[in-house]
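Throughout, read-outs are computed from the coordinates displayed, never taken from laboratory work. Note that the coordinates shown come from a computational prediction; the quantities given were computed from them, not determined experimentally. Note that each Cβ is placed from the backbone with ideal geometry, even for glycine, and that neighbours are counted across all protein chains shown.
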Amino acid sequence: MPFADLYEQIMLGFVTGTLPFDALLIPSAWLPDFAPYLTPVPESILASPVVDDIHPIYRDALMRWGDQWKALTIDGDLHFTALEDQLDLVMAGHVTPAQGLRAAARAWEARP
């Protein structure tokens with residue numbers, strides 16, 4: 001199914017009760033629309049180390065709707081932020097690609 005049709009097809013499935021999926025991989029921006037139809041994430045998953053390793057902006061803001069956890073983040077754009085900053089330095093010739101990657105890795109490890 002083309003991505004352009006995905007939102008409409010998923011919402012149609014929710015509204016008509018004919019959604020043929022048990023799990024969805026969706027952009028976080030769709031959570032507000034889909035939240036009323038989603039089952040909360042099981043407590044056993046929320047208590048696992050998997051959730052602790054998710055950056056707070058995703059964990060605390062984008063995985064919950066109201067007072068319920070409705071999604072799990074499997075990818076986030078924050079890991080590109082440090083690399084993007086380093087990429088500017090690489091492109092300007094101030095550091096080598098290897099130095100830029102090492103600096104990005106250090107920034108990742110230093111995250112709160």
Residues residue 26 and residue 89, FRET efficiency given R0 of 25 Å [Cβ-Cβ distance, rounded to 0.05]: 0.15
The chain, relative contact order [Cα under 8 Å, separation at least 6], %: 17
Residue-averaged 222 nm ellipticity for the chain, from DSSP H runs of 4+ at -39500 (n - 2.57), nearest 500: -13500 deg cm²/dmol
Between 0 and 90°, nearest 10: helix 3-16 axis offset from the chain longest Cα axis: 30
Among 60, 88, 33, residue whose mean-square fluctuation peaks in a GNM of the chain (springs only between Cα atoms under 10 Å): 88
Separation of the residue 107 and residue 1 label points, Cα + 7 Å toward Cβ, nm: 3.7
Pair residue 64, residue 45: separation of 7 Å Cα→Cβ label points (nm): 1.7
By average C-beta atoms within 10 angstrom, highest first, the peptides 67-74, 21-28: 67-74, 21-28
Per-selection metrics, the range 3-69 (Cα): Rg and Dmax in Å: 13.1, 36
Selected from 63, 91, 11 as most flexible by GNM, with the chain as the system and alpha-carbon contacts under 10 Å: 91
